[in-house]
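Values in this text are rule-based calculations from the coordinates and carry no lab data. Predicted, not measured: the structure shown is a model, and the values here were computed from it. Cβ placement follows ideal geometry from the backbone for every residue including glycine, while neighbour counts extend to all protein chains displayed.
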Amino acid sequence: MILDISSIDRLFSWQEYLEFSRNLFDAQGRTTSESDTYNTTEILDYTKLNFARINRVNKQFDFSKNLENTISEIPTKWRWIMLAESWCGDVAQVGPVIAQIAESSENIEFSVVLRDKNIGLMDKFLTNGGRSIPKLICLEPSTYQVIGSWGPRPQALQELLNIWSSEPLTLIQKAEKLHKWYADDKTEHTQLELNEVLKQWIAHSSSFAYTPAVSR
C-alpha cells in the first residue's frame, strides 16, 4: 500500500502534539477532537489525567537492552506516522515509548496526526473493524509505501480487555484496570512487542521493492 500523505490534515512532531493538546485543554477546555462525544466532563477529567500519565512514562522509561540493540540495527530511513487524540488513554501510555524510540534513532522521522481529522487514513488501519488508537504506521520515506503498522496496545493487555468486556464494568472501571496494568507493567510488554515489530520491519526493509515516489 502506498499512502498519499498530501491528504493528511496536519503533521505534528511529538512535542508539537503535546503542546497543542495541552494548550487546547487549558485555553478552551477541550480535547483534540471536535466531537462533543470526546468533550464531556468525564472525558475532560480523563484527558487531564492523560497529561500526568505521559509525564510519568517519560520519567520512568528506560530502554531494554534488546530494544536498544534492535534500534541500532535499523538499516535505512523510515517515516513514522502515529494516529492519536488527547483523550485516549492508550496514546498517553504508549505514545511516549514510541516517541522515545523515534528520538533515539537518526533513521526515524516521526510525526503525529489527529485521528478525527484524518478519518480516511484511519480507516486504512482499523483494528477489528474499529478506529482504535494509537496506530503507528511505518513508511518508506521516498515512496510512502507502507512497511507495517502497530497498535493500539500490547496484545497481553488486549486479551485482558476482551475478558473485561464481558464483565459488568463501567467505562471508568475498565479504564482504571487498564491504567493499573500499564503502571504495573512499566512499559515492559510495550517494549517487547515493539522490539519484535521493529525486527519484522527491518527484515521487510532489507528486501524492499522500491516503487516510484508519490508526488506531494
Give the lysines whose C-alpha is closer than 25 Å to that of Lys186, dropping any in the same chain fewer than 8 places away, or say none.
Lys48, Lys59, Lys65, Lys135, Lys174, Lys177, Lys199
Which residue fluctuates the most in the chain, going by a Gaussian network model with Cα springs under 10 Å, if the choices are Ser64, Ser149, Ser205?
Ser64
Taking the Cβ-Cβ separation of Glu42 and Glu176 as r and a Förster radius of 22 Å, what is the calculated FRET efficiency to the nearest 0.05?
0.95
Using modelled amide H (1.01 Å from N, peptide plane; none on Pro or chain starts), what sits under 5 Å from the amide H of Gly148, excluding residues fewer than 5 places away?
Cys138
Sort Glu106, Glu16 by Cβ crowding within 10 Å, fewest neighbours at the top.
Glu106, Glu16
How large is Rg over Rh for the range 1-67, taking Rg from the Cα atoms and Rh as the Kirkwood inverse mean of 1/r across Cα pairs?
1.08
How large is ³J(HN,Hα) for each residue in the range 185-190, as worked out from phi by the Karplus curve 6.51 cos²θ - 1.76 cosθ + 1.60 (θ = phi - 60°), to whole Hz, x for Gly and Pro?
6, 6, 6, 4, 5, 4
Cβ density ranking, 10 Å radius, fewest first, applied to Ile2, Ile163 yields Ile163, Ile2
Report the full-extension gain for the segment Thr127 to Glu34: residue separation times 0.36 nm, less the Cα-Cα distance, to one decimal in nm.
31.2 nm
Taking only Cα atoms and a 10 Å spring cutoff, compute GNM fluctuations for the chain and point out the largest among Asn69, Asn50, Asn128.
Asn128
Between the range 92-119 and the range 133-212, the Cα center-to-center distance that results, in Å:
12 Å
Can you tell me how much longer the chain between Met1 and Gln60 gets when fully stretched, taken as 0.36 nm per residue apart minus their C-alpha distance, in nm with one decimal?
17.6 nm
As a percent rounded to 5, the proportion of antiparallel DSSP bridges among beta bridges in the chain is 65 percent
One-quarter of the Cα convex hull surface for the chain, in nm²?
12.0 nm²
Under a point-charge model restricted to the Cβ atoms of Lys and Arg (+1) and Asp and Glu (-1), what is the dipole moment magnitude of the chain relative to its Cα centre, in debye to the nearest 20?
80 debye
Give me the number: length gained by fully extending Asp184 to Glu109, i.e. 0.36 nm times residue separation minus the C-alpha to C-alpha distance, one decimal in nm.
24.0 nm
